[in-house]
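Bear in mind these aren't lab numbers, they're just calculated from the coordinates by the rules spelled out. Please read these numbers as outputs of a predicted model, since none were measured by experiment. Using ideal geometry, Cβ is built from the backbone for each residue, glycine included, and neighbour counts are taken over all protein chains shown.
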Amino acid sequence: MAQAGQREEWGSRIGLILAAAGNAIGIGNLLRFPGQAGANGGGAFMIPYVISLIVFGLPMMWVAWTIGRIGGRYGHGSTPGMFDKMSNSRFAKYFGVLGLALPLIFVLYYTYIEAWCLGYSWFSLTGDYISEAGRNVDLRVYYDEFLGNTTTHSYFPGLSSALTFLLIALVLNVFVLYRGVARGIEMLAKIAIPLLALFCLVLIVRIFSIGDSALVKGTAMDGLAFLWTPDFSTLTSPSVWLAAAGQIFFTLSIGFGSLECYSSYVKQNEDIALTGLTTASSNEFVEIIFGSMIAIPAAALFFGAGEVQSIASSGTYSIGMVTMPEILRSFPGAQLFGTIWFLLLFFAAFTSSVGVAQPVMAFLQDELKIKRGAAAMVVGVFWLLGTIPVIYFYRYGVLDEMDFWSGTIGLVVMALIEVVLFAWVFKIGRSWEVLHQGAQIQVPRFFKPIINYVTPIALIAILVGWMGDAVSQGKLIPQPRLAWDVMNRSEYTGNFIKNSENDVTHLQRNIISNFEGSVSTAVTGANRDLTAYARIQFPGDGTVRVVSYEGDPKLAPGVTVASLQSYLNAKGFHYEVFDNGAWVSEPGEAMLAIEGLNRAPYIWLIRIIIVALIVAFSIMVHVIWKERRLSGEGGTA
Amino acid sequence: MSFGAVIFMAITWFLVIALNVYCFAKIFLTHRK
């Protein structure tokens with residue numbers, strides 16, 4: 001128990017390593033890495049990837065563990081206290097506030113992703129999304145409906161399922177935090193990490209043992225070939241280097257304040273240099289070996305080598321929640337292997353979220369002297385309240401917005417502050433000594449100039465690159481989102497979208513941007529959501545015909561029957577009857593709903609919440625340190 | 001798989017496995033100071 005004057009400690013060395021590895025290993029290892037590698041030069045991607053690992057992956061790992069040790073020496077498990085001890089400046093602690101606000105925002109949406117995985121493991125077990133005679137489940141629609149990202153309700157009546165699994169995930173997280181570092185986080189890691197490895201092995205054996213079948217269009221080896229065939233021409237592209245650096249960043253959980261927190265619970269005479277290296281190497285093992293042998297080989301096997309590129313670039317969650325269940329449900333043992341896949345993702349996410357939430361727990365316990373049980377309750381209540389907007393406003397893109405600020409930009413800013421503190425404020429010589437206190441390895445000396453100069457410059461380059469991307473893509477000014485759905489999905493039997501957007505020509509792109517542009521303009525002008533409905537027919541020749549259209553008058557000037565028809569044609573939408581041999585009937589009519597969502601209020605709400613959290617934590621830090629100063633505590637390391 | 005793909009995969013996997021073997025061997029076989 002964390003009583004006043006006595007902080008918690010890890011139960012065992014291996015427990016600490018598993019917990020730290022569990023913190024780093026997440027959904028990104030299994031889904032994001034293969035997508036990034038495949039899309040950015042295959043084997044050649046590993047060159048910038050390994051360089052990024054050396055230039056700032058490993059250095060930041062050691063920086064984080066060292067900062068944590070300095071904090072732990074004075075009973076601080078969160079970054080405000082750690083930074084304060086490392087600097088003479090009274091402002092340093094306020095920079096540390098980012099190490100509380102950013103992880104807190106992160107866990108609010110990451111628990112929701114955890115809930116998806118938990119929910120889907122249940123749906124796999126019960127066979128809910130496995131198509132059968134008379135019930136063909138469109139997994140894209142199934143996923144959107146589960147998240148409330150659509151106006152249709154063919155599979156889920158509302159958000160009650162998502163909410164239920166979110167509550168379960170949240171209770172599990174808070175329970176682990178309540179149990180504490182050794183009996184909660186460490187115990188979870190000791191169970192979850194071996195299970196995670198076992199699940200990976202089972203799935204790899206499954207995918208690579210699927211032989212010839214009518215369903216198979218390629219081989220698993222085609223997937224490995226896609227991932228590893230080097231394309232050296234990509235090495236001259238800055239975007240590939242940025243992608244590699246970004247992947248290293250995401251995968252090692254740098255900049256969250258959680259590794260620092262874990263390190264603060266390590267005894268002062270115990271090694272952290274080798275522990276940090278082992279954390280990174282275990283994470284790389286799961287990423288490079290397990291990550292490259294599951295999703296992409298499975299996609300190559302089922303869809304054929306030609307489709308892998310578009311699947312790899314379709315996005316992390318699309319591969320995990322739509323493509324993988326599509327593949328797994330097509331082969332024998334669908335329920336078992338689907339359950340294993342989603343439990344694997346769940347455990348990967350679960351061990352990360354408890355780690356990221358721990359700095360806030362530590363802040364409440366160490367700085368506000370709140371007992372662990374009460375701290376877990378406070379975190380749990382805030383967590384629940386904070387996650388609700390993520391669920392209800394998901395379709396407005398709030399999750400992506402939170403991810404952009406807390407899970408992307410914020411991490412780089414935090415890492416930059418930390419490396420400057422380590423190398424320039426606390427001074428590299430002293431930091432090096434702290435890192436090597438009780439160390440089982442000597443970190444090679446060439447890492448000193450790397451940490452001093454190369455890492456900060458690389459971090460600034462990433463920050464500039466990412467912000468540049470965000471500005472050029474117009475991410476900073478919230479754009480309306482266009483969404484469309486077939487309303488009466490149960491009354492027709494077909495696939496609606498067949499062609500990939502990558503295939504559209506320049507002319508088609510113009511039509512699409514004109515149509516979408518006119519809807520966006522109407523939504524922006526009206527400053528609210530706008531909806532329209534179109535009656536569409538399927539003449540039987542595979543085409544879609546728009547026969548009537550009615551909607552909000554504000555949308556009408558931009559959206560007409562003709563423009564909608566052009567848009568649908570240009571997007572490559574056509575009707576194709578499901579080939580499941582079940583209830584193929586004559587193509588009929590369907591109602592199409594077109595929604596223009598006014599995202600701006602929700603995006604600004606999220607930004608205000610992030611700023612408010614930073615301000616609130618800053619005020620708390622200010623008050624706590626003022627009290628301490630008055631009572632004569634304080635000082636630097 | 002092309003020769004280049006096999007080489008890249010083999011080298012990367014070897015490095016990752018070697019690093020893990022080194023770390024865990026060091027942890028389990030070295031006496032704490």
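Each principal axis of region A:270-332 carries a Cα extent, and these read 50, 26, 18 Å when sorted largest first.
From least to most packed, judged by other beta carbons within 10 angstrom and beginning with the fewest, A:T455, A:T279, A:T151 follow the order A:T151, A:T455, A:T279. In this structure, A:Q6 and A:I457 have a Cβ-Cβ separation that, at R0 = 56 Å, corresponds to a calculated FRET efficiency of about 0.85. Ordered by the number of other Cβ atoms lying within 10 Å of each residue's own Cβ, fewest first, B:T30, A:T505 fall into the sequence A:T505, B:T30. Net charge dipole, the protein assembly as shown: roughly 2600 debye, given to the nearest 20, about the Cα centre with Cβ charges of +1 for Lys and Arg and -1 for Asp and Glu. Please list, by residue number, everything in region A:118-159 whose backbone N is under 20 Å from a paramagnetic label point 7 Å out along Cα→Cβ of A:L167. Output list for this probe position: A:118-123, A:146-148, A:156-159. Counted by neighbouring Cβ atoms within 10 Å, the residues A:F447, B:F3 run from fewest to most as B:F3, A:F447. Taking 18 Å as the cut-off, the amide N atoms of region A:102-124 that come nearer than this to a point 7 Å along the Cα-to-beta-carbon line of A:Q335 belong to A:119-124. Normalised radius of gyration (Cα atoms, divided by 2.2 N^0.38 Å) for region A:335-438: 1.46.
Protection proxy ranking of A:138-150, A:57-69, by the mean of other Cβ atoms within 10 Å over each peptide's residues and highest first, is A:57-69, A:138-150. One Cα centroid belongs to region A:125-190, the other to region A:237-265; the line between them spans 27 Å.
Looking at the square roots a ≥ b ≥ c of the eigenvalues of the Cα gyration tensor of region A:126-214, which shape do they give, rounded for a/c under 1.5, prolate if a/b is larger than b/c, or oblate? Oblate shape, in that a/c is at least 1.5 and b/c is the bigger or equal ratio. The mean number of Cβ atoms from other chains found within 10 Å of a Cβ in peptide A:216-227 is 2, as a whole number. For region A:514-560, the gyration tensor built on C-alpha atoms gives a prolate shape. Its axis ratio a/c (a ≥ b ≥ c) is at least 1.5, and a/b is the larger of a/b and b/c.
Full extension of the chain between A:W424 and A:D469 gives 13.2 nm of extra length, using 0.36 nm per residue less the Cα-Cα distance. Note on region A:198-236 and region A:282-349: Cα centroid distance 10 Å, given to the nearest whole angstrom. Peptide packing: for A:307-317, A:178-188, A:339-349, the average count of neighbouring Cβ atoms within 10 Å per residue gives the ranking A:339-349, A:178-188, A:307-317, highest mean first.
Select from region A:404-493 those trypsin sites (Lys or Arg not before Pro) which occupy a DSSP coil region and have at most 11 other Cβ atoms within 10 Å, ordered by residue number.
The qualifying sites are A:R445.
Looking at chain A, the pairs of alpha carbons with a distance over 44 Å make up 22% of the total.
Kindly rank A:120-130, A:406-416, A:593-603 from highest to lowest mean number of other beta carbons found within 10 Å of each residue.
Working: A:120-130: 18.8, A:406-416: 22.7, A:593-603: 20.4.
The most tightly packed comes first, giving A:406-416, A:593-603, A:120-130.
Taking every residue in A:69-77 and counting other chain Cβ atoms within 10 Å of its Cβ, the average works out to 0. Once the Cβ-Cβ distance of A:A214 and B:F3 is raised to the sixth power relative to R0 = 25 Å, the FRET efficiency obtained is 0.20.
Ignoring everything except DSSP H segments at least 4 long, calculate the 222 nm mean residue ellipticity for the protein assembly as shown; use -39,500 (n - 2.57) per segment, divide by total residues, nearest 500. Can you show the working numbers first?
Details: 27 runs with 378 residues, N = 670.
Rounded to the nearest 500, the figure is -18000 deg cm²/dmol.
Along the axis of the charge dipole computed for region A:307-431 (Cβ charges of +1 for Lys and Arg, -1 for Asp and Glu, origin at the Cα centre), the listed residues A:I311, A:T323, A:F422 are led at the positive end by A:F422.
Between A:A197 and A:Y533, the contour length at 0.36 nm per residue exceeds the alpha carbon distance by 116.1 nm.
Report the full-extension gain for the segment A:I388 to A:D400: residue separation times 0.36 nm, less the Cα-Cα distance, to one decimal in nm.
On the way: separation 12, 0.36 × 12 = 4.32 nm, distance 1.51 nm.
This chain segment gains 2.8 nm when fully extended.
Taking every residue in B:23-29, how many Cβ atoms of other protein chains lie within 10 Å of its Cβ, on average? Kindly include the intermediate steps, with their values, before the conclusion.
Values: counts 13, 6, 0, 6, 8, 2, 0.
Partner-chain Cβ atoms within 10 Å, mean over residues of B:23-29: 5.
Here's the picture: charge each Lys and Arg Cβ at +1 and each Asp and Glu Cβ at -1 in region A:182-308, and of A:C200, A:S253, A:A300 the one pushed furthest to the positive end of that dipole is A:C200.
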